[in-house]
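See structure below.
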Amino acid sequence: MLIPPLSVAVHILHDNTLTADNREKFFYLAGRYNQTVNFYNVEELCADELEKFSRLIPFIKSARTTIGTFYKFLIMYVLPKEIEKVIYLDADIIVNLDIKELWQVELGDKPLGAVPVYLQDKNKADGINRMRTGFNLPRLGLVKEEDYFNAGVFVMNLKRLRNEEEKILGGMKFRGEHPEFLMFDQCIWNYCFSKEYLKLPIKFNREVVEVRTQDGGLVERKIYHFTADNSLWSFGLDMNDALNRLWMNYFIKTPWFDSSTFGRLHEAIQQLCTNFKRDMANLSSLMVGKTRAFFTLPQNIEGIKKYFLIREDEEIIRAENQASLQKLLDAMSASRGRKIFFIIVPNFPFQALIQAGFVYGRDFFNGIEFFSKEQGVPFDSHKLIKSM
């Protein structure tokens, strides 16, 4: 007797930017595997709730993430009441195992299941220390280091969460009072539920940067999280990298892999070459009478010294923590017009320098764009991927 395949219903929360073409592609993809997909326009269905979110977090519309980051707080309200359990996945997730393994997790009365962030480090002490120094809630003692979780993969108990509106709104109010915090919705989820969620094993949310730095790039049966806008943390076009191949192998199975994609990729490569030539010409004229300075991660200093032939009298600022950004801004202000700074930090918030009055191509450059793949500092091909 043939056993029918398991049915998977996909629920997509979106706004008015979802095009008819992309909607049809989702329907086509789900139909190819005999599954279903449902759409919820939260911009129309939840206008009052989104406005409430914006009042509680005034900077939400100008933050580095979009308000779409907060759509997951609407899942329990837009999905039909008879749905009491869902798996939530960020858009930068690849499920490289049978999703049934995650679905079979029993939550009991817990609001959700998630993976603690400290598990990303093989050495527990390293993971705990990273929580203590790199994340606001553990650093301030508001959440225990071993309890702080990543919000990219959840098993959600909707029956329980539908009764937690006041707690969640309280978390949003807290986040709105702390615009200096780095994390957005993740901060709120942890503030509300870090003491009562079900801790899941690392295989259900493995960050790819740790796979590359700790696991030798070995791909296994896990859920992989491509967590940022650069190729070290996310995906790129180097197919010698097993994680990039994993992503590409799934991408080519989708209706988005078409001639238009290659056209956009070609245009992006041409634009990168044009920008690079422009920057080189601009840099050669700007360097007259000026010196260089560098802002980079401590582990990359030796490689960068060799690559840029850095002299002893040229300044290097170590990007060690959140306070390092202010140190960089102070140094740039003190040497304005006399130094050009090369920023060699993946996922760096260049907007912070622009808001401080500094000009790209005059006061600073993205130093990563000067690399191909040298001295352990990768060329950031993520902007090419985004063009696809």
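The values are calculated or read from the model by the stated rules, or taken from the named source; none is laboratory data. This one's a predicted model, so the numbers in the text were calculated from it and none came from an experiment. Glycine gets a Cβ as well: all are built from the backbone with ideal geometry, and neighbour counts include every protein chain shown.
Candidates are the residues of region 11-35 that are surrounded by 11 or more Cβ atoms within 10 Å (Cβ to Cβ) and touching a helix residue (DSSP H, G or I) at 6+ places or on another chain (Cβ under 6 Å); the one that is modelled with the lowest pLDDT is Asp15. With respect to being surrounded by 15 or more Cβ atoms within 10 Å (Cβ to Cβ), within 27 Å of the chain's Cα centre (by Cα) and either assigned to a strand (DSSP E or B) or not assigned by TED's automatic domain parsing to the domain that holds Arg130 (or both), Ile354 falls outside the description.
Every condition in (1) farther than 17 Å from Ala151 by Cβ; (2) part of a helix (DSSP H, G or I); (3) assigned by TED's automatic domain parsing to the domain that holds Gly171 is met by Leu97 except one, and the failing one is (2).
For Arg245, the criteria (1) in the same structural domain as Gly141 (by TED's automatic domain parsing); (2) surrounded by fewer than 16 Cβ atoms within 10 Å (Cβ to Cβ) hold in every case but one, which is (1). The set of residues from region 165-219 being crowded, with 16+ Cβ neighbours inside 10 Å and polar (S, T, N, Q) comprises Gln186, Asn190, Ser194, Asn205. Select from region 20-65 the residues that are outside any helix (DSSP H, G or I), in contact with a Phe, Trp or Tyr (Cβ under 7 Å, 6 or more places away or on another chain) and over 29 Å from Cys187 (Cβ atoms) and list them in ascending order. Result: Val37, single match.
Take Asp258 and tell me if it is at negative phi, of a type outside the set (A, V, I, L, M) and outside the structural domain of Gly357 (by TED's automatic domain parsing).
Numbers: at negative phi: yes; of a type outside the set (A, V, I, L, M): yes; outside the structural domain of Gly357 (by TED's automatic domain parsing): yes.
In short, yes.
Before we move on, is Leu107 of a type in the set (A, V, I, L, M) and assigned to a loop (DSSP other than H, G, I, E, B)? When the stated conditions are applied, Leu107 passes them.
Residue check: is Tyr118 under 25 Å from Pro201 (Cα atoms), in contact with a Lys or Arg (Cβ under 9 Å, 6 or more places away or on another chain), aromatic (Phe, Trp, Tyr) and without any contact (Cβ under 8 Å) to a residue 40 or more places away in the chain? So Tyr118 passes the test.
Pairs linking a residue in region 128-143 that is over 18 Å from Ser324 (Cα atoms) to a residue that is among the hydroxyl-bearing types (Ser, Thr, Tyr) and part of a helix (DSSP H, G or I), with Cβ atoms under 8 Å and 6 or more positions apart or on different chains, are Ile128/Tyr118; Leu137/Tyr191; Leu142/Tyr191; Val143/Tyr191. When region 17-33 is filtered for residues that are under 20 Å from Val86 (Cβ atoms) and either assigned by TED's automatic domain parsing to the domain that holds Phe73 or of a type outside the set (A, V, I, L, M, F, W, C) (or both), only Tyr33 remains. Checked against the criterion of being assigned by TED's automatic domain parsing to the domain that holds Arg221, under 30 Å from Glu180 (Cβ atoms) and among the aliphatic types (A, V, I, L, M), the candidates Leu107, Leu50, Leu79, Leu13 yield just one match: Leu50. Of the helices (runs of 4 or more DSSP H) contained entirely in region 179-276, those carrying at least 2 residues that are farther than 22 Å from Leu119 by Cα and at pLDDT 90 or above fall at 242-251.
Looking only at residues of region 311-323 that are surrounded by 11 or more Cβ atoms within 10 Å (Cβ to Cβ) and modelled with pLDDT under 90, we find that the one that is nearest to Pro349 (Cα to Cα) is Gln322.
Scan Ile128, Ile57, Ile67 and give me the residue that is more than 28 Å from Val8 (Cα to Cα), in contact with a Lys or Arg (Cβ under 7 Å, 6 or more places away or on another chain) and among the hydrophobic types (A, V, I, L, M, F, W, C).
The match here is Ile57.
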